[in-house]
Amino acid sequence: MIPIAAGAAATGTGAPSGAAAMAASDARRCGACTACCEGWAAGEIHGHAMSPGHPCHFLAGGGCTIYERRPQSPCRNFVCGWLGEPEHFPEAMRPDRLGVIVIRVRWRGEPAYVLLSAGREPDDALLEWMRAFSVRTRRPFFYEQRGEKLGFGPPEFQRDMLARLAAGDPMW
Ligand code: SF4
Ligand code: SF4
């Protein structure tokens, strides 16, 4: 998320970095990325809903027009995987470049991820990268392709997912 002062020229260029970025990492800033403000995930900000196809009401000209008074939830709380874990996710995976947001979640109290479409579905190259990452770290991840919810992770994760499917529950 990048700030734009209300009434300022809405270019985003040279704007100070997002608070989430500063809190999450000295090494990374959201920069020009506004993927989490674009409605790919549902949320509500000061009474205005955002959802797929409906960006945040306060997103304009590539930045946040209410940056100083953006709410704690979801805005200030949200730190995507790329921003929060530069040791894991390479620069090229910045969500606006990747078209996918790596959302940090928990599975059995341990780190896991959801690959959320931010313009496209995860492709084979991204899934291959994530599978190798998952094998290396034993961290599972969830994703969606053609409307089907899928997951990848270590054997205990696979057992959990099979149990969920057998019970008729969604994987995530
Ligand atoms: S998706 Fe991540 S990098 Fe992009 S604006 Fe949101 S927190 Fe920042
Ligand atoms: S108020 Fe809207 S544009 Fe600003 S940080 Fe929150 S979601 Fe993004």
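For the stretch 138-155, the set of residues classified as surrounded by fewer than 13 Cβ atoms within 10 Å (Cβ to Cβ) and touching a residue at least 24 places away in the same chain (Cβ under 8 Å) consists of ARG146 only. Within the stretch 27-43, residues that are outside any helix (DSSP H, G or I) reach partners that are within 9 Å of ligand 1 (Cβ to nearest atom) and acidic (Asp, Glu) with beta carbons closer than 8 Å, at six or more positions or on different chains, in the pairs ALA32/ASP96; CYS33/ASP96; THR34/ASP96. A search for C-beta distances below 6 Å between a residue of the stretch 70-89 that is more than 21 Å from LEU59 (Cα to Cα) and in contact (Cβ under 8 Å) with a residue 12 or more places away in the chain and any residue that is of a type in the set (A, V, I, L, M) and within 16 Å of ligand 2 (Cβ to nearest atom), counting only pairs 6+ apart in sequence or on different chains, returns GLY84/ALA24.
Matching residues to (1) assigned by TED's automatic domain parsing to the domain that holds ARG28; (2) crowded, with 19+ Cβ neighbours inside 10 Å; (3) touching a Leu at 6+ places or on another chain (Cβ under 8 Å); (4) part of a helix (DSSP H, G or I):
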{"residue": "HIS88", "(1), (2), (3), (4)": "no, no, no, no"}
{"residue": "ALA92", "(1), (2), (3), (4)": "no, no, yes, yes"}
{"residue": "ALA112", "(1), (2), (3), (4)": "no, yes, no, no"}
{"residue": "LEU116", "(1), (2), (3), (4)": "no, yes, no, no"}
{"residue": "ALA125", "(1), (2), (3), (4)": "no, no, no, yes"}
{"residue": "ARG131", "(1), (2), (3), (4)": "no, no, no, yes"}
{"residue": "VAL135", "(1), (2), (3), (4)": "no, no, no, yes"}
{"residue": "LEU165", "(1), (2), (3), (4)": "no, no, no, yes"}
{"residue": "ASP169", "(1), (2), (3), (4)": "no, no, no, no"}
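Given ILE66, ILE103, which one is more than 28 Å from PRO122 (Cα to Cα), among the β-branched types (Val, Ile, Thr) and either modelled with pLDDT under 95 or more than 8 Å from ligand 1 (Cβ to nearest atom) (or both)? From the options ILE66, ILE103, the qualifying one is ILE66. Residue count for the stretch 100-127 satisfying the condition of being more than 10 Å from the chain's Cα centre (by Cα) and farther than 13 Å from PHE142 by Cα: 8. The residues of the stretch 105-131 that are more than 18 Å from ARG146 (Cβ to Cβ) and either touching a Phe, Trp or Tyr at 6+ places or on another chain (Cβ under 9 Å) or in contact (Cβ under 8 Å) with a residue 60 or more places away in the chain (or both), listed by number, are VAL105, TRP107, ARG108, ALA112, TYR113, ARG131. Being near ligand 2 (Cβ under 9 Å from one of its atoms) and in a helix (DSSP H, G or I): is that true of CYS56 here? Criteria not met by CYS56. Would you confirm whether any residue within the stretch 11-19 is modelled with pLDDT of 90 or more, surrounded by 12 or more Cβ atoms within 10 Å (Cβ to Cβ) and in a loop (DSSP other than H, G, I, E, B)? No, that holds for no residue. For ALA42, the conditions (1) at pLDDT 95 or above; (2) more than 8 Å from ligand 2 (Cβ to nearest atom); (3) under 22 Å from MET93 (Cα atoms) are fulfilled apart from (1). One residue stands out in the stretch 137-163 among those that are part of a loop (DSSP other than H, G, I, E, B) and of a type outside the set (Lys, Arg): the one that is modelled with the lowest pLDDT, namely GLY147.
The values are calculated or read from the model by the stated rules, or taken from the named source; none is laboratory data. Just so it is clear, the model here is predicted, and its values are computed rather than measured. So basically every Cβ, Gly included, is an ideal-geometry build from the backbone, and we count neighbours across all protein chains shown.
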